[in-house]
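The values are calculated or read from the model by the stated rules, or taken from the named source; none is laboratory data. Given the structure is predicted, the values throughout are model-derived calculations rather than measurements. Neighbour counts run over all protein chains shown; Cβ positions are idealised from the backbone, glycine included. Heads up: the accessible areas ignore ligands, DNA and RNA and are worked out on the full protein's heavy atoms, side chains in. Shrake-Rupley method; radii C 1.70, N 1.55, O 1.52, S 1.80 Å.
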Amino acid sequence: MQTTEPTNISNVLDTLIVGAGISGLSLAHAMQAEQESNQKPWQILLAEKQGRVGGRIVTSSGDGFIWEEGPNSFSPTPALLKLAVDVGLEHELVLADRRLPRYIYWQGELMPVPMNPQAAIATRLLSFPGKLRAVIGALGFVPPAMGNDEETVFEFFQRHLGIEVTQRLVEPFVSGIYAGDPHQLSAAAAFPRIVRLADIGGGLLAGAVLSRRMSVKPTAPPDPKLPKTRPGELGSFREGIEALPRAIASRLGERVKLNWHLLSLRLTEGQTYLAEFSTPSGNVCIESRSVVLTTPAYVTADLLQPLHPQIASALRGISYPPVACVVLAYPVEAFKIPLRGFGNLIPRGQGIRTLGTIWASSLFSGRAPHGWNLLINFIGGATFPAIASLDKKQIAAAVHQDLCHTLLKKNVEPKVLAVHLWQRAIPQYTKGHHQRLEQINQGLQQLPGLYLCGNYTDGVALGDCVRRAFDCATNVRQFLQKQKINNSNSNKK
């Protein structure tokens, strides 16, 4: 195939964004939104390898069911809400009842997660000594960390709150967010705010009190244009989360290029970037003043190997374990209890391989026909990577077997709606994560105009992705404006 080279400076883009997941789409939207107030808009292009936008966001439907095969809900952060309003989804937003309980499956029984002090005192999930140990640790009576080595999530929470809280609450929570191993994840990287509280006050409760006293920055009033939400609520859209990336892409229009596979990226003598793509119409070269890679760490590593091997090496240190999303439906009469809640998580060591189950038809209305319950299950992760060696029938059977122990009162054949195996699912913030990020950032200083905006840095939730994309868009605009001023000054000379 022939490669098309740019012929003159008017063909040079301001920004090339690679990857049309929520990060790339949010960033492109932010760049476009700023254009509306500019006399000369930024020239941007968003390239996506797949034939669809959304990345890991996958909403499917059939037989009267609507389900997610990637992220299942989101915390309605201000940035995410603003994005939804900007693209016309304000009236499509649905919020789950924050009073719905969460459950932990422990020793053959579903137990509600204590969400307030009274519930924490009454819960049977922890023994009296376990509760006492947690209170003493929260107040600051904590043994010192062992040595100067970086603490894992398990080590940090065991030291502060005791073994029971760590095994019965923290471990399943880690499974729900990262599908990770608390013995491998870095506490400072995976839970930076909590670790910061401990650093401030010596204990978590003392740190929270001191943090509030030290915070003198006034809280910004809520934006009246945004939908009103309350703490603890989770959000989605009537037709599923994929409505958001589709709406953003619709606004971007021809700036989005699907089935564009980035083959290589190189720096030109003029300090621009030349990207070669494989496209449905042949190989194409795009020249751009700035480039943002929103691709996963392992993809980004391959792209940057020729440009900067040290950055590529650090990126390859970020692992992504396999996770299977298994969507099953059962008649309501098949369950031990009425399903009213967010769902349940399962600590390791309970003889159950499934990490957790979202009670999707309880969380959001209209997700299942009358008389049916819809369950979205996750299995695999860092503690069960062998899930990748099983076929879809075996994975569905394994989850069904687990549900017969946790939720079902009789062995009823499930309606299998989907088995989606993500071979590389969620980036793991393991020990040494901050050092890897520092190595990456130092390398990027040698590549002006190149930005990385992926969920392998500082937060894997949808709200984190949108927040990070908006921040990155600000940095890109500042770079372009500075470059524009420098070029103007050079021309005057």
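Some observations on this one:
- Within region 141-165, the set of residues being part of a loop (DSSP other than H, G, I, E, B) and among the aromatic types (Phe, Trp, Tyr) comprises 141 only.
- Entry remark, region 354-382: residues being surrounded by fewer than 21 Cβ atoms within 10 Å (Cβ to Cβ) and touching a helix residue (DSSP H, G or I) at 6+ places or on another chain (Cβ under 8 Å) number 2 in total.
- Checking each residue in region 104-129 for being assigned to a strand (DSSP E or B) and either open to solvent by 40 Å² or more (accessible area, probe 1.4 Å) or in contact with a helix residue (DSSP H, G or I) (Cβ under 8 Å, 6 or more places away or on another chain) (or both) picks out 104, 105, 106, 109, 110, 112.
- Residues in region 441-457 that are among the aromatic types (Phe, Trp, Tyr) and part of a strand (DSSP E or B): 1 in all.
- Output for region 175-215, where each listed residue is in contact with a helix residue (DSSP H, G or I) (Cβ under 6 Å, 6 or more places away or on another chain) and at pLDDT below 95: 195, 197, 198, 200, 201, 203, 204, 205, 207, 208, 210, 211
- Only listed residue being open to solvent by less than 40 Å² (accessible area, probe 1.4 Å), outside any helix (DSSP H, G or I) and touching a residue at least 40 places away in the same chain (Cβ under 8 Å), chosen from 476, 460: 460
- Within region 147-188, tally of residues that are under 23 Å from residue 343 (Cβ atoms) and without any contact (Cβ under 8 Å) to a residue 24 or more places away in the chain: 3
- Residue check for residue 444: at pLDDT 95 or above and crowded, with 21+ Cβ neighbours inside 10 Å: no
Results for (1) among the charged types (D, E, K, R); (2) more than 25 Å from the chain's Cα centre (by Cα); (3) assigned to a helix (DSSP H, G or I), shown as yes or no for each residue.
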site: 167; (1), (2), (3): no, no, yes
site: 209; (1), (2), (3): no, yes, yes
site: 233; (1), (2), (3): yes, no, no
site: 249; (1), (2), (3): no, no, yes
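- For the residues 264, 319, 290, 313, the requirement of being of a type in the set (Ser, Thr, Tyr), open to solvent by 10 Å² or more (accessible area, probe 1.4 Å) and farther than 25 Å from residue 426 by Cβ singles out 264.
- Count of region 64-103 residues which are over 20 Å from residue 340 (Cα atoms), in contact (Cβ under 8 Å) with a residue 12 or more places away in the chain and not in a loop (DSSP other than H, G, I, E, B): 12
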